[in-house]
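As C-alpha cells, the structure follows; a few thoughts come after it.
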Amino acid sequence: MWLPTGMFFKEDILYIAAATENKISRADLSEENPVATDFITGLDFPNALFIEGDDLYILEAKADKISKADLSAAQPSPVDVITDLDDPGLGMLLLGEELYFSQYGGGRISKININEETPVVTDIATDLNGPTEILQKGDELFVAVRLDNKVSKIDNVLSTTTSIVDQTSDSNISIYPNPSWDSISIKGLERTQTGALFNTTGAKILDFTARKNQVLDLKNLEAGIYYLVIENGWTQKIVKR
C-alpha cells in the first residue's frame with residue numbers, strides 16, 4: 001500500500017514522501033487533473049520533508065539520517081546531511097539556519113546548523129515519550145508526544161538563533177497573510193514610514209517605504225523566517241513559504 005507520510009509545497013508543486021515505497025513523488029497542482037509522478041527513488045522509508053530554496057531535506061527513518069536533494073537538478077541524487085540518528089520521527093522544521101527534528105526512539109527533539117560543513121546534533125528537549133510531529137508558533141515549539149497521548153511545548157526556541165525579538169509598540173499595525181508565498185499586506189499605518197526586512201541572523205535583506213495599505217513583494221526571497229521592522233519600532237516575524 002502506498003503510504004504518504006510527509007508533504008511540502010514549492011510554488012504549485014506538491015512533494016510527497018511515500019514511506020513504504022521508499023520514494024518522493026510530486027504533482028503539479030496547477031494542472032486540471034494533477035498526477036503524482038516519481039521524483040526520487042531508492043530512499044529508506046522517507047518520512048518528513050522540508051524545502052529551503054532548491055534544497056529538499058528528507059528524513060529517512062530506517063536509515064537513521066537526514067539527506068537532501070537539489071530540486072533544480074535534472075536527476076536529483078540525495079546526499080547525507082546528518083547520520084547516526086536515533087529512530088527519527090515524522091517531525092522536521094527549518095528555522096533560520098537551524099534544522100529541528102524529532103528522534104522518536106531517542107525521546108528527544110534535536111537540531112543542526114545546515115550551513116556547517118560537518119553539522120553537530122544538539123538536543124533541545126529530552127525524555128520525551130515518542131516525539132513525532134513538531135510545529136512552531138512564535139518562539140515556541142509544539143511537539144506531538146505519541147506514547148503519552150499529549151502535546152508538549154518548548155519555550156524560547158529562537159533565543160539563541162535570533163538577535164531580533166517581536167515587539168508590539170503599535171497594536172494598530174498588522175500584516176497578512178502570514179505565512180505567505182508571494183507577498184504580504186501591511187495594514188494600519190497612520191503615516192508613511194521607512195521599513196526594513198531582516199533575516200534570523202540580523203542581516204538586513206531589504207529596505208522599503210511603508211505606506212498605507214502597503215503590499216510587500218516576497219517572490220524573490222528564499223523560504224524561511226524574516227523580521228519586518230517599521231520605523232516606529234514595530235517588529236513582526238514573518239514566514240516566507
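The values are calculated or read from the model by the stated rules, or taken from the named source; none is laboratory data. What you are looking at is a predicted structure, and each value in this text was computed from that prediction instead of being measured. Every residue, glycine among them, receives a Cβ derived from its backbone with ideal geometry; neighbour counts consider all protein chains shown.
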remark   = Filtering segment 1-60 down to residues that are charged (D, E, K, R), without any contact (Cβ under 8 Å) to a residue 40 or more places away in the chain, surrounded by fewer than 17 Cβ atoms within 10 Å (Cβ to Cβ) and more than 17 Å from Ile82 (Cβ to Cβ) yields Asp12, Asp28, Glu31, Glu32, Asp38, Asp54
task = Scan segment 194-215 for residues that are in contact with a strand residue (DSSP E or B) (Cβ under 9 Å, 6 or more places away or on another chain) and surrounded by fewer than 18 Cβ atoms within 10 Å (Cβ to Cβ) and report the count.
result = 13
request  = Considering every residue within segment 6-28, establish whether at least one is touching a Ser or Thr at 6+ places or on another chain (Cβ under 7 Å) and either of a type in the set (Phe, Trp, Tyr) or not assigned by TED's automatic domain parsing to the domain that holds Pro119 (or both).
outcome  = no
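Keeping to segment 134-143, report how many residues are at pLDDT 90 or above and farther than 19 Å from Gly224 by Cβ.
Counting residues in segment 134-143 that are at pLDDT 90 or above and farther than 19 Å from Gly224 by Cβ gives 1.
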task = Output the strands (runs of 3 or more DSSP E) that fall wholly within segment 90-142 and possess 1 or more residues being closer than 20 Å to Glu52 by Cα and without any contact (Cβ under 8 Å) to a residue 12 or more places away in the chain, or say none.
result = 131-137
query = Which ones in segment 1-48 are more than 23 Å from the chain's Cα centre (by Cα) and of a type in the set (Phe, Trp, Tyr)?
reply = Trp2
